[in-house]
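K.L.:
Quick one: the structure is below, and I'll ask about it shortly.
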Amino acid sequence: MSDATLEVALGDRSYPIHIGASLIGRAALYAPHVRGRRAAVVTNTTVAPLYAEALEAALGAAGATCQRIVLPDGEARKDWQTLNLIFDALLQAQADRRTVLVALGGGVVGDMAGFAAATYQRGIAHLQVPTTLLAQVDSSVGGKTAINHPLGKNMIGAFYQPQLVVCDLATLQTLPPRELSAGLAEVIKYGPIHDMAFFDWIEANIDALVAREPAALAYAVKRSCEIKALVVGQDERETGLRAILNFGHTFGHAIESGLGYGEWLHGEAVGCGMVMAARLSQRLGGVDAAFVERLTRLIERAGLPIVGPALGADRYLELMRVDKKSEAGEIRFVVIDRPGSALVRSAPDALVREVLAQSCAAQ
């Protein structure tokens, strides 16, 4: 596939998503945003040795003065203490409001750099250069920024859109297999909630995706970003439609919080959470057993877990009540009302307990 450019249409906050191979070093993409300004590259200890030098060379060629901020890696470090490392570095460098933060890494780096940009001196510009599949197809697009709290995932954050997203497909070749599988969870989710033709395509091409065939990855990233851009353009702040993008996430966030952040990758928890959400959808009359089985097998073929950890139903329910979709303590789930269409609704605890009993490892 040749390079592609999509747009997230949000009026004066609209921005492009560039998708293609070897884009990190393309200075012309960054020049309109960084020329004559300080560019603070926020990355982590894993990604910095791989890509920071190339990105900084491109930013320099685009007319920026570069600063590098390297964070510890991992979901367990997505917290206030690590966020403050960004603020410390900016303040020590006397960074002003014309500074541009450039997030180079996966979802954790992107979320934290975006949140830092939303709050440093009450808001500075930021760009997203995602280097994982999960970040390219999901977290870098749409302006959700956050850190975790011990009581709930992504509970402290802001909606704050980037000015640019650059998805360099070449970075996917250096991903560990587990990280690639985690990203496939966020690709798979777009089928049941919006586009069953895409779901059919993923089923037919899952082996090629796992094998990192460039053409397959390019189409998966492009179609995922098209769907996300469409949804975000209609509901930027998740007052309605955008919540469907959280299919599998209510169960998944409970798994992440309950096990301790980083024990399971976010995409692993979402993959298993989609199995649980599909089973709940079946109990609520939205899909049949054949659909649940089809989705479960695809998630398994992507290398993702399909059996939840044994946290206990009471603990799952407790954790799921601390969810951004909950209202007055009532858990609300994204469920499939028919293949290719989703909605948000509550479900009786008794039904949720049945799903957990079917879906989790024995105590």
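Please treat every number below as a calculation from the coordinates, not as lab data. Values in this document were obtained by computation on a predicted structure and should not be read as measured data. When we count neighbours, we look across all protein chains shown, and the Cβ atoms used for this are built from the backbone with ideal geometry, even at glycine.
K.L.:
Which order do W201, W80, W264 fall in if you start with the one that has the fewest other Cβ atoms within 10 Å? If you can, show how the numbers build up before the last one.
P.N.:
Working: W201 16, W80 10, W264 23.
Starting with the residue having the fewest Cβ neighbours, the order is W80, W201, W264.
K.L.:
Now, a different point. Go ahead and set up a Gaussian network model of the chain, Cα springs under 10 Å, then flag whichever of A211, A229, A350 fluctuates most.
P.N.:
Comparing A211, A229, A350 in a Gaussian network model of the chain, the most mobile one is A350.
K.L.:
Using θ = phi - 60° and the Karplus relation 6.51 cos²θ - 1.76 cosθ + 1.60, list the HN-Hα couplings for segment 15-23 in order, rounded to whole Hz, with x at every Gly or Pro.
P.N.:
Along segment 15-23, the couplings run 7, x, 10, 9, 10, x, 8, 6, 8 Hz.
K.L.:
Using 0.36 nm per residue, how much length does the chain from R297 to L317 gain when fully extended, once their Cα-Cα distance is taken away?
P.N.:
Values: separation 20, 0.36 × 20 = 7.20 nm, distance 2.59 nm.
Taking 0.36 nm per residue and subtracting the Cα distance, the gain is 4.6 nm.
K.L.:
Considering only T119, A220, H249, whose Cα is most displaced toward the positive end of the charge dipole of the chain, charges sitting on Cβ of Lys, Arg (+1) and Asp, Glu (-1)?
P.N.:
T119
K.L.:
Can you figure out the FRET efficiency of E7 with R237, using R₀ = 22 Å and their beta-carbon distance, to the nearest 0.05? Don't jump to the answer; show the numbers that get you there.
P.N.:
Working: r = 19 Å, r/R0 = 0.85.
Result of the calculation: an efficiency of 0.75.
K.L.:
Let me ask something additional. Using only DSSP helix segments of four residues or longer, with each worth -39500 (n - 2.57), what per-residue ellipticity at 222 nm results for the chain after dividing by its residue count and rounding to 500?
P.N.:
On the way: 13 runs with 158 residues, N = 363.
Here the helix-only value at 222 nm equals -13500 deg cm²/dmol.
K.L.:
May I pose another question? K144: which aspartates and glutamates have alpha carbons under 13 Å from its alpha carbon, excluding same-chain residues fewer than 8 sequence positions away?
P.N.:
D111, D235, E236, E238
K.L.:
Quick check: convex hull of the Cα atoms in the chain, volume per residue, rounded to a whole Å³?
P.N.:
Details: hull volume 43.4 nm³, N = 363.
Output value, Cα hull per residue: 119 Å³.
K.L.:
Starting at the first residue of segment 161-168, write each ³J(HN,Hα) from the Karplus equation 6.51 cos²θ - 1.76 cosθ + 1.60 with θ = phi - 60°, in whole Hz, x for Gly and Pro.
P.N.:
Values per residue, Gly and Pro as x: 6, x, 9, 6, 10, 10, 9, 8 Hz.
K.L.:
Under 10 Å, Cα contacts only: if you run a Gaussian network model on the chain, which one of A185, A328, A58 comes out with the highest mean-square fluctuation?
P.N.:
Looking only at A185, A328, A58, the biggest GNM fluctuation is shown by A328.
K.L.:
Can you tell me the dipole magnitude for the chain around its Cα centre, using point charges on the Cβ only (Lys, Arg +1; Asp, Glu -1), in Debye to the nearest 20?
P.N.:
Working: 34 positive and 38 negative charges, 136 e Å.
Once rounded to the nearest 20, the dipole reads 660 debye.
K.L.:
At 0.36 nm per residue, and after removing the present C-alpha to C-alpha distance, how many nm does the segment from Q94 to Q81 gain when stretched out fully? Each step should come with its number before you reach the end.
P.N.:
Values: separation 13, 0.36 × 13 = 4.68 nm, distance 2.00 nm.
That pair, Q94 and Q81, stretches by 2.7 nm at full extension.
K.L.:
Using the alpha-carbon atoms, what tilt in degrees (0 to 90, nearest 10) does helix 196-210 show relative to the longest principal axis of the chain?
P.N.:
Rounded to the nearest ten degrees, it is 70.
K.L.:
Summarise the long-distance tail of P(r) for segment 273-334 by giving the % of C-alpha pairs beyond 12 Å. Display every interim value, and only then the final one.
P.N.:
Values: 1359 of 1891 pairs.
Summing the P(r) of segment 273-334 above 12 Å gives 72 percent of all pairs.
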